[in-house]
Structure formats: structure tokens, C-alpha cells
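Single-structure report; data block below.
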Amino acid sequence: MNAKTIKYYLPPILAAALLVHSCRLDNYDAPDASLSGSIIDAETGELLQSDVINGTTIKIIEHGYDPVAPQYLRVKNDGTYANTMLFANVYTVQPDLRNFQEIDKQDIAIGKNTRLDFRVTPYIRVKDVQIVNDGSQIVATFRLQPTTSDVVDKIGLYAHSEPGVGHPIHQVAAEDTLNRQVAEQDTFSLVIDAAKHTALLKAGRAYYFRVGVLSGFPGAKPNYAPAQQISIAP
Amino acid sequence: MKRIIFLSTILLIPALLNSCRDDVLDLSPLDKVDRGIILTSEEGVRIFLANLYYQTPFEDFAYNHTGFHGALTNNMGILHDAQCGNAVNSEANFLDPGAPSWWEPGYALNRDINLLLETIPTIEALSNDKKNELAGEAHFLRAFNYFALAKRYGGVAIIREYQPYTPAIESLKVPRSTEKETWDFVMSECDEAAKYLPPARTGNDTRRATKWTACALKSRAALHAASVAKYGSKAPLSGEAVALGLVGIDAALANHYYELCIDASAAIMEGGAHRLYKPNPATAEEAANNLLALFQDPNVAPEEAMFCVGYGDPGVAGHSIDFWSNPSQTSDGAHHPGRVNPTLDLVDVYESYVTPGQSAPVVTTADGNVNDYNGYNRSQTYLHFDTPYDIFKNKDARLWATVILPGTVWKGATIRMQAGYIEPDGTPVIEAVKASITVNGVAYHTFGADAWQDYSGFDQQHADVMTRTGFSFKKFLSPVPVEGQSALGRSTQDWMEFRYAEVLLNYAEAVVESGYSANDAQTKAKDALNATRQRAGHTTDIPLTIDNVQRERRVELAFENKRWWDLIRRREFHEVFNNNIQKALCPVLDLRVAPPKYIFIRKHIIRAVPITFPEYRYYHAIPGIGSNGLIQNPNY
């Protein structure tokens, strides 16, 4: 392109740029509302552990639109959640995918820093968890407290280098399919032998270990105890 | 005077230009042909049908994660089977969404099919028989199209009529039917097709659907629907689409669909038109050669190849299987060979002739432990072998016909896939930087040769063209160099979209899953299961169990783009791919012994990323719900 053609094309391009630069993106205010809170075990008052992937989601439906696509908020591993980019409005809110018993939907006016905690009953509580390092073996013992009459589908001990460890994210897992009712006094034990996974669990390094349990309730997501960091024996 | 001329010229211009017609909006476009011209004779319909076949979503050589007809796109050589465990790509680890969207092209094709179906009765030049036959062909294509939609989206909008354009957009919108209604539509379209399609085609029409093709489609689709009904609860979904039945099928209907599969398959098995190609080989070696020939050119086996997709025009409408999939040593000028690395996971599944009826994992150590993937261990006692392929002795002929094993000959070259050596002092050099060592006056190289052009595996300096599993790809590949292979799309081997072996295995699966026993089905299903095994050189029959059928299906149909859908329909994808790391078999030369011998290390592939299949992906997202108003699938 020589100087002459540039001279020829430049004015219309500049004019176009000036003229086009008049429009606004849309007529809405920026999303300045937020909804955050926790999923709390109503009985123990503790945060309810979950998964980021394939874990608890909260479905929110904005009022005033039809049809309207629901939005889904993901709950973090520790049981807290937050969406800081919502439009202020009334929403119908209800946890969707869950590892706790269903709770009713509620209509909430969401504005700046709206907080909403859910007090729930987990399908299964994981109690008295002890994870110890016995030589190369990481041994988890625990008890289970189901809150429904469903069978316990399976239990698992999961290991990963990141704290987000669980059934969806693990490097090594020791799982046991129970598919039966359990009693509160039953003690369960799961073992990961690091010596059999030297490529994935490197000696001398620390990994997160977490006990999980899946209820047989259709569509249930796993319940967990908090993750613990443990170093593999060198 | 000058001014007068000037003025009159100016006045004349509007007069002259005022030539436009007031029917300008009714003019026929010059780049389209009216149906009154093309759809008036059998030849015209034939031309129209050729275009419909082209649009039909056959999952052939040109099908991959970038779309249909993707042979000329750079898809990194990621075969469909490399996204579901049968192979890994030499470079990429990701589990792609796999099947591309088939929504808009699906409804575009459906519109064209509906136009044909609407027009056929009005074509005076056609006899009634011919009209029925051509309509049958359209029904086959519509069945195939709706099968492609149903297996991706579940229940979809069923549009049976050609919709005329109207500004009243709302009147054109068709809501989703349930998944059950959609599968039932596929079933009835297959029946409509089978009713009038001819049992055989000759001459230039051999690539067109027959009655048996329609039955084979019904067999495949019914098995899919039955599996979703039976196993859907393994991956439960929730939400509006589930509540309305738009995805998911009542488990009580599983046997209904299994029986539809049994009936459609039995019709082919009893029809006599199709059978297995060379069903009784004398030796395993002969079996391997037969199978290689079948896939290199399906035209040798019209009895088995029920429906083929052809690629007549290299560089334009060819495909690229040879371009991506050859080992590096036999790239024949292709710039990006070596992309398809069959996994140890697949190789393990092939039976041994010595232990029929079970997978035969490759045993590498004296203690027989096949579950240790941690890499070389000095304290372990490894078995020694004279060649890099002795360890596969007695494995199924189909392994040899599907996969290039280390040290075997392909296109005249010994394909070297060696991961390293153990130095005489016991130091392991495995999957490491290229090195050499001289022992007793002989030079040894980590990867089996000095120059990287002379080997095909494990060298991470040329990682893109090197196998990282210890295996290379063989099935379908041309045994002779493909002309002009430095470019994509030069291969022209035909693709078998339907072949008789699949029908046998559909039948066996439907019978064992449903427990169906009428018409001596249990015996026939056991025979069907063993027929493909006998063709592969097995001499001992195995019982009809679901494990045996699934193993047989995986090895017989490997790389035929079936495994992805098998994992989907049986809801096994999230179980198989749950933080799954795929496996390699590393051949290593042990220089501690004289003469040096080979040992093998079972291990995780190098540069591995654990792969997880999220359960919501059992269904695809429906595009454009903002405008088409349809109910979205769960979790999108």
C-alpha cells in the first residue's frame, strides 16, 4: 500500500471510527450484585465438604424473563460459594446437584453482598476420621452416619497434590464398593500403599488425602471429610 | 449548445436506467436449481441423492473432533478412538468433546430429505415401484440422520414435513420430542426404508443403501437405545430435560429395544446376502493377512462390506489416515506421521490363543504382576526375550493386523520402537535423552538406531512423530506408499460404515443383555460371538457372556469409531475415564546379559495427564436455545 492509497482510505476509516464509536454495549447496569454463602450441616454446624467438579451446584433463576436460562453456581470444596457478577434482581434459588437432602426453593432479592447460607442434612456424615502414615502405607479409619435409609454405595480414600482432592480429582484412589446399609458403630478402613504408586506419590513429598463416601440415593454426590496433608515417607 | 447536450444527457440517464423490472424480487436465483428442474426424472433424483449421501453423518475416515468431512483440516491426527482409550495421540492429551455438533447440519440435511420425500410422489416419469424405492432410500438417510441426532442430543425435534418459508417464525418452531419418541422415529424410518429398498445393488449403484443396510442401521440404533434404557441410571442426570423425558429412556423398555436389535440383526443373518469374509483361516498368520486385506480394500469382500463410503478424488475428497498414522519410519513424505499410538490398555485386551475367553495382559515380570505402572524397578525380575515382539506370541491375529508391534516389519522397514537400555552396570537409561554405549565392541543406541529417521518411538526430542506407547498403528493403512503424501487428503481406501461382523456382535450383545431365548437365540448368539473369533484364528469357542461380547467388540471393531459410542451408550465412559492415565509398554534392551535381550516395562505414558469424563457429557448441549426456544440438556 503506497502513501497515496493510504491518504485515500484514511479519512473514511477515521470518519467511520468516529461515527461508529457512539454506541453503548447495552442499556443494562454492570453486574454489581453478588450472592455468597455456605452450605452448613444443620446438626453439627460445620461446613459441608463438596467437590468443585461434579459437586454441589446452586441453581438460580432470574425473575422477569421468559424464557430464562437458569444459572448454576458451583460450590467450592470447603462448602462455601460466591458469585460476584450477578445483576441485582429477585431470583429463585435452590441447590441443584447435592450431597445433602433436598431443600425448598426460595425467592431472594439479590443486591450488593447478599449472603445466603443453607442449613442442610448431608446424606452421610463422615465421622471420627483418622489418617495416619504407617511406613509407606497411608491408612484412613472412620465411621459413617447415614441420614437416609439408602445403602452406602462406596467409600474411598483419595490422594492428590492439590487440596481439591476427591472422587473427581485424584492421582491415586483406594475405593471399596459397599452397596449395603451401614451402622453408626461400624468402623471402616482404607489403605493407599505409596510404595505401589511410586510414579504418582513421590517419596518425601506431601499430598492431600481425603475420605469420601457416596450414598446410594439416586443422583447423590459424594460426602467428604476435610482433606489432610501428609508427607510420603522418604 | 454544449449545455443542451449535457443537460439532455443527464435527463436521458434516468430514462435509460429506468429499465428495472418490477418483478425483481421474484427472479430465480442463478446459483440454485429449482426442484421442478432437477427432481423430475430418476437421473435427477439420483443426482440429488448423491448430495444427500454426501451430507449424511457417516463417521468415516474424514470424521474427527473437528467435524465431518474433516480430512483436509489439521486435526493433529487425533482419531476418534484416540479419545476413548484405544490409542493416545503422540502430542495431545485432552479428551476432546469428541463428536462435533450435528445440530444445524442435521436439520439442513433433514430439510433436503423432506423436500425429496414431498416431491417424489409428484414425479410423473417414475413408476410406483421406483417411487417407493427412492422414498425408501430417503427414509434410510433420514433414519441415519436422526440416529446421529438422538445419540448426541437425546430427544430432538422431529420434523417430518418440508416446512415452507414463512415470516411467522413461531409456526416453524418444533419442540423436542422425548428421547423414546425420537428412537422410535429412527426405528420406524428404518422399517420404512427396509420395506422397499432392493436387497442388492449392482453396477454404479453399489454404494447406495440396500434393505440390509437399513436393517444394519436399525440393529445399531436399537442397541444404542436399549443400552441407554438399561444403563442410563449408572450416570443419573437431573433437571427439566430429564423430568420431561427429553433425555433418558425408561429402564423397562430396554428389552423392547434389545429385541428390535435382535430381529433386525437376525433378518440380515438369515437373509443370506452377507457373511464374514474368509471365516475359516488355517492359521493365525493367514487370519491376520485376511484382516489386513479386508481393511486395506473392502472391495475384496462385498459379502462382509455391507455399505462403503468411497473417496475418489485424492487431494480434494480423499482422507488422511496414512498421512497421520504411519510410524515415523514409513511416513513416505508426510510431515506429521506417528500421531496414532495404540495403548497398552487396548493391547492387553486381545486374547491369547492359549487362554481363550479372557484378556491376556502382557506379562513382563517373573512375578506376573501386571498392575505396576511405576516404571523400571531394579529389584524386579524382568522376563527376557530375544526379539521385541516375542512377548506377543500367541496373541490374537487381530492384534497383529491392527497394531504395528515393536521390531516387526511394515512396508519393508523394521519398525524400531525401543525406549532405552540397561547399561551393563545396571544403570537404566529409559525414555531419556538419546545416548549410545559400546559393549564388547558393539555400539548400542537408546532408541534402537543412531539417526532419528531410523526409529519410530520414545525420542522426546522428536516427540511429535514418536510413539509414546511402544505401538504404532496399522489397520486400514495402505501397504504401498500413497502418492503425494506430503499433503493431506491423499488416501482413498474405502470406509466400511456397516460390515457384517458388527451385526453379529450387535446380535450377541442384545441376546446376552436381554436374556432373549426364542428361536434358539442363545445358541445363535454364542455362534455369532465365536464367528468373528474363528475368523481371527481361534479354535476354542467361548461362552456367551457380556464380558466376552464386549471384549470381542472392542478388538474386532477397534478404530472403526465404535468405541466412543459403546462407552457412551453403556454409560461406562465416566467409569473408565476417572482420572485415567493411559499405559505404555516400553521395550528396553538389557545389556547386562550377553547377547543382549529385551525386557519390557509396563508404565504410565510419558507426559501423561489424568483424564476424566464428566457425566453431563453423555448428552451434548443443544445450540441456539435462545432463539429456537428448546429445553436445554442437563448441566449446560
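Derivation of every value follows stated rules applied to the coordinates shown; laboratory data play no part. On a predicted model such as this, the values are computed, not experimentally measured, just so you know. With ideal geometry, Cβ positions are generated from the backbone for all residues, glycine too; neighbour counts draw on all protein chains shown.
Quick notes on this structure:
- Taking label positions 7 Å along the Cα-Cβ direction at both B:HIS335 and B:ASP390, the computed distance is 4.3 nm, reported to one decimal.
- 10 Å beta-carbon shell around A:GLY37, net charge (K/R +1, D/E -1): 0
- Pairs from B:LYS230/B:LYS474; B:LYS151/B:LYS583; B:LYS173/B:LYS218; A:LYS202/B:LYS475 whose Cα-Cα separation, in the structure shown, is over 31 Å: B:LYS230/B:LYS474; A:LYS202/B:LYS475
- Beta bridges per DSSP with both ends in the protein assembly as shown, % antiparallel, nearest 5: 90
- The region of chain A that goes longest without hitting one of the chymotrypsin sites (Phe, Trp or Tyr not before Pro) in a DSSP loop, each with at most 12 other Cβ atoms within 10 Å, is A:66-234.
- Tensor-based shape of the range A:104-153 (alpha-carbon gyration tensor, a/c under 1.5 rounded, otherwise prolate or oblate): oblate
- Extension gain, B:ALA251 back to B:ILE546 (0.36 nm per residue minus Cα-Cα distance, nm): 104.4 nm
- Taking a ≥ b ≥ c as the square roots of the eigenvalues of the Cα gyration tensor, chain A is classed as oblate, since a/c reaches at least 1.5 and a/b does not exceed b/c.
- Principal semi-axes of the equivalent ellipsoid, √(5λ) from the alpha carbon gyration tensor of the protein assembly as shown, are 47, 41, 32 Å from largest down.
- Simple Cβ-charge dipole of the protein assembly as shown, Lys/Arg +1 and Asp/Glu -1, about Cα centre, in debye nearest 20: 1420
- Separation of alpha-carbon centers, the range B:497-560 and the range A:78-153, rounded to whole Å: 46
- Net length gained if the chain between B:ASN377 and B:THR355 were fully extended (0.36 nm per residue, minus Cα distance): 5.1 nm
- Two-decimal Rg to Rh for the range B:340-485 - Kirkwood Rh, Cα set: 0.97
- Average other protein chain Cβ within 10 Å of Cβ, residues A:194-200: 4
- Spin-label model distance (nm) - B:ARG592 vs A:GLU184, 7 Å beyond Cα toward Cβ: 5.7
- Given +1 at the Cβ of Lys and Arg, -1 at the Cβ of Asp and Glu and no other charges, the dipole of the range A:124-231 around its Cα centre is 220 debye to the nearest 20.
- Computed from the C-beta positions of B:ASN74 and B:SER101, the FRET efficiency with R₀ = 22 Å rounds to 0.70.
- Charged-residue dipole, Cβ positions (Lys, Arg, Asp, Glu), the range A:33-120 about Cα centre, Debye nearest 20: 260
- Cut-off 16 Å, label 7 Å out along Cα→Cβ of B:ASN128, residues of the range B:194-214 by amide N: B:196
- If you plug the beta carbon distance of B:VAL576 and B:PHE6 into 1/(1 + (r/R0)^6) with R0 = 56 Å, you get a FRET efficiency near 0.10.
- Loop-resident sites, the range B:312-412, for trypsin sites (Lys or Arg not before Pro), counting at most 14 other Cβ within 10 Å (DSSP): B:ARG378, B:LYS393
- Shape of the range B:514-636, Cα gyration tensor, a/c cut at 1.5: oblate
- For chain A, averaging the sequence separation of C-alpha pairs within contact (under 8 Å, six or more residues apart) and dividing by the residue count gives a relative contact order of 19 percent.
- For the pair B:VAL409 and B:GLN461 in one chain, pulling the backbone fully straight at 0.36 nm per residue adds 16.3 nm over the alpha carbon distance.
- When only Cα pairs below 8 angstrom with a gap of at least 6 residues are kept, the range B:35-251 shows a relative contact order of 17 percent.
- Label point distance in nm, A:GLU175-B:THR166, each placed 7 Å from Cα along Cα→Cβ: 5.2
- For the peptides B:437-447, B:235-245, the ranking by mean Cβ contacts within 10 Å, running from highest to lowest, is B:235-245, B:437-447.
- Near B:TRP400: Cβ cut-off under 12 Å, other residues only, Lys/Arg at +1 and Asp/Glu at -1. The net charge is +2.
- Charge dipole of chain A about the Cα centre (unit charges at C-beta), most positive-ward option of A:PRO11, A:ALA206, A:GLY64: A:PRO11
- Packing-based order for B:576-585, B:416-425, B:308-317, using average beta carbon neighbours within 10 Å, highest first: B:416-425, B:576-585, B:308-317
- Counting only residues at least eight positions apart within a chain, or on another chain, the lysines with an alpha carbon under 18 Å from that of A:LYS221 are A:LYS59, A:LYS76, A:LYS127, A:LYS154, B:LYS234.
- Straight-distance crosslink candidates among aspartates and glutamates, where the alpha carbon sits under 17 Å from B:LYS32 and sequence neighbours closer than 8 are dropped: B:ASP112
- Computed FRET value (nearest 0.05) for A:SER136 with B:ASP520, which takes r as the C-beta separation and R₀ as 56 Å: 0.50
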